[in-house]
Every structure is written in C-alpha cells, then in structure tokens.
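Throughout, read-outs are computed from the coordinates displayed, never taken from laboratory work. The model shown is predicted, which means the values in this text are computed figures rather than measured ones. FYI the Cβ positions are ideal-geometry reconstructions off the backbone, even for glycines, and counts take in every protein chain you see.
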Amino acid sequence: MGRKKNTPSDRRFMMAHVVRTERISPNFVRLTLGGLDGLEARGDDHWCRLFFARQGQDVLQLPTRTTEIGWYLQYLATPKTRRPWVRAYTLRDARPDVGEVDIDFVIHGEQSGSIGPAAQFALDARPGDRIGFLDQGSAFTPDHPHDWTLLIGDETALPAIAGICRSLREDARGRAIIEIPTASDRQEFSAPAGVEVDWIVRDQSTQADGRPGELALRALTTATLPDGVVHAHAIGESKLATGARRYLVQEREVPKRNVDFVGYWRHGRPATS
C-alpha cells in the first residue's frame, strides 16, 4: 500500500533542554531531551533538526520563520556570530506524554580529535543545557505497493532503521543490513518476525578499508534477497546510499521509484553550516 507524507502541519521551533545523558556503547551517546510539549510521535524514521550554540555564543538564536524554505533562508542570512549550528537527527524514541525524546549521537573522530559540533555537544552535555528543536516528520514514506522491505545503512542509520522496523506491520517481510563500528554498538530493537536483521561489524572484518558503509554495500551485493516487489531504503554515508541504489537499479533491476536513498554524511568531509 502507498502512504502519504508524514510531516507536521504546524511547523514550529521549540526550545528543548537536556534531561540526561548516557554513553550507551563505545560509539554512541544518547541524550534525552525534554520540554517538547505538543510533539507528536510519528513512528518510522521520525527526524528533526537540532540547533546548537556555537562557541562564544551566549544566546541560542532560532529562526522565526516556519516554512521549510523561509527558515533556512533566514538562517543563512544570520551572521555566523549569531547563527547556531544545525544538524539533522532521527529520534530513537519519543514519549509525547511527558514531552521527551531520545536521540543517539554517533561519536566520530573521538580518537583523532576531529569531532563535529553535534557530537561534541553530546559529549559535553549536562542536564539543563538548551538546544533548539524543529520537527521534520518521517522520511520513510513508500508510495507504491510492495511485498517486502529492504533497509540498509551504517551506524548513523541505526536509529532510523530501528524506528522503521518497529513501525512495520506484524506480517511484514524484509531484511535490514546494518554496519556498525564494533560489536558492542549493536542495539536491540523490535522487528516483525518476517524481517531478518544482519549486523556487519567493521572492526571484526579483514575486508574493511576504513570507509564506513563499504562492508554493508558488499553484503548487499552478495545477499540472497526475497522474491517479490521490494521497497528499499538506503541511508547513511553518502557512497553507501548512492551505491546501494545504483546496485539495486542496475544489477537487480529494481525500479527507481522503489528505492529511496539519503546520504546523511560524507566520510572525510564534515558539514560546515
């Protein structure tokens, strides 16, 4: 069955605060954010934009325009001395009854000292720290009939894949391929009995070349996939997302409409805005 876009009808910026922090595994820090009264739990890969103050900023200044284009143009027009960092994240869990969400931050570059502003915020966060929040809805919105679901991603895609699996129908069939840095980064999440979850551990492979997503893409190209019409969702590092789509369309002859892909980040090229 096709599905309609699941986006908020009342787009508004909210000021959240850190309730608690937890290092849940070697490469993940979970922040619980509160103060989000009125937030609707949308399921699937419900995502948001988070706004962090830059170093030296005493006040977190959020855009006042609420249209998708309008707020971003206003943001770009704001001098950097007053412009916050902004990053996109998937909600790992949402508890609208108490106005809280959990968000998992992947800590890239901790050993090399090249940590991005969002990961650094997560590492330094203390209860009461303020953070801007903009609800963006769900991106996983299949618009065509399909028999089974394919999900593929790296560690940055883990919250989205977990949320999608949790939202699938009980009788859904599918396969999820998730690449993670270490075995200790594996997370338990609910999935229909007909959905097979494959964990690819980077530091346990002799074939890893250092680029996240390479092993997951290789696993896809050698996988025995179910019969029938598929809806595929490839997310995470840019080359993984585009490579998975290219493989499915060119080698498996999956219609382009049946493959969604989103590059969350680029290895070696941190976001600058």
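Put in order of Cβ neighbour count within 10 Å, fewest first, the listed residues Asp198, Asp171 become Asp171, Asp198. A compact globular protein would have a Cα radius of gyration near 2.2 N^0.38 Å; the ratio found for segment 13-138 is 1.03. Computed over every Cα-Cα pair of the chain and binned at 10 Å starting from 0, the pair-distance distribution P(r) comes out as 6, 29, 35, 23, 7, 0 percent. For Val59 and Thr221, the difference between the fully extended length at 0.36 nm per residue and the C-alpha to C-alpha distance is 53.5 nm. Diffusion coefficient of segment 127-212 by Stokes-Einstein, Kirkwood radius over Cα pairs, 37 °C, 0.692 mPa s: 221 µm²/s. For segment 46-111, GluC sites (Glu not before Pro) meeting the loop criterion (DSSP other than H, G, I, E, B) and having at most 15 other Cβ atoms within 10 Å: Glu110. Each label was represented as a point 7 Å from its Cα along the Cα-to-Cβ direction; for Leu123 and Lys80 these points are 2.1 nm apart. Each stretch of four or more DSSP H residues adds -39500 (n - 2.57); spread over every residue of the chain, this sum gives -5500 deg cm²/dmol at 222 nm.
Counting Cα-Cα pairs of segment 148-265 in 5 Å increments starting at 0 gives whole-percent bin shares of 2, 12, 24, 25, 21, 11, 3, 0. Counting every other Cβ atom within 10 Å of each residue's Cβ, Asp203, Asp154, Asp93, Asp104 order from fewest to most as Asp203, Asp93, Asp104, Asp154. Within segment 161-212, the trypsin sites (Lys or Arg not before Pro) that combine a DSSP coil assignment with at most 10 other C-beta atoms in a 10 angstrom radius are Arg169. Panel order for Tyr75, Tyr264, by other beta carbons found within 10 Å of each beta carbon, from fewest to most: Tyr75, Tyr264.
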